[in-house]
Amino acid sequence: MASEKLYGALAEFDTTASLFSACEQIRDAGFKKWDSHTPFPVHNLDKAMGLPASILPWLVFVMGLTGAGAGLLLQWWTSAVNYPLVISGKPLFSWQAFVPICFELMVLFCALGAVFGMFHLNRLPQLYHSLFRSERFARVTDDKFFISIEAVDPKFDKLDTVELLKKVGATHVELVEE
């Protein structure tokens, strides 16, 4: 049988402290295509990994402005341009009456922007990942912590990467096939 393509290296850690320290060392070693996997959120792990701030808050903000603007524009168009009705001498464009609809559309667009933006930024749905081939990786949902370094990373070398992962405190290191 032909050997399969290599996905990368997977290192197992026992504690959050050892994982945190290893993330800092791997970041400092210059790796770019790697990730940490934990059974629960670890405070400041994103800073230890050197990850930039997410653009999701800006996406939600823009979607909220779009929703409020679309609501205001729709109500203005329908009441002042498309079907103008003068009722009790009130102006055609009475923005105070339009505030609740604008607010509701702002909230709706923010929620949709957050959900679909998160899906896009997290590359979801992803129905398969190569790390699921590792039997040890199943413990990531229970009590173990992992770091995976992809083989497509420019600094990746089978032997050097495995040695680095052992040096930073990994209890077990394995190479994972695609």
Item checked: Charge dipole (the chain, unit charges on Cβ, about Cα centre) - positive-most of LEU6, LEU74, VAL60 -> LEU74
Item checked: Cα gyration tensor category, rounded, prolate or oblate, for segment 56-121 with a/c compared to 1.5 -> prolate
Checklist line | Gyration tensor verdict on segment 24-87 (Cα atoms; rounded if a/c is under 1.5, prolate if a/b is larger than b/c, oblate otherwise) | finding: prolate
Check: Convex hull volume of the Cα atoms in segment 126-178, per residue, in Å³?
Finding: 92 Å³
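Sort the chain into rounded, prolate or oblate with this rule: let a ≥ b ≥ c be the square roots of the eigenvalues of the Cα gyration tensor; rounded if a/c is under 1.5, and if a/c is not under 1.5, prolate when a/b is larger than b/c, oblate otherwise. Before the final figure, lay out each step's value.
Values: a/c = 3.89, a/b = 3.18, b/c = 1.22.
Because a/c hits 1.5 or more and a/b exceeds b/c, the chain counts as prolate.
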Item checked: DSSP-assigned coil residues among trypsin sites (Lys or Arg not before Pro) in segment 61-159, each with at most 10 further Cβ atoms within 10 Å -> ARG123
Margin query: Check which residues have an amide H placed less than 5 Å from HIS172's amide H, if you skip close sequence neighbours.
Written below: GLU12
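Filter the GluC sites (Glu not before Pro) in segment 1-109 to those in DSSP coil with at most 15 other Cβ atoms within 10 Å of their Cβ, and list the result.
Working: sites: GLU4, GLU12, GLU24, GLU104; in loops: GLU4.
Sites meeting the loop and neighbour criteria: GLU4.
Read the figures in this text as sums done on the coordinates, not as results from a lab. Computed from a predicted model, the values in this text were never measured in an experiment. Quick reminder, even Gly has a Cβ in these numbers, built from the backbone with ideal geometry, and neighbours come from all protein chains shown.
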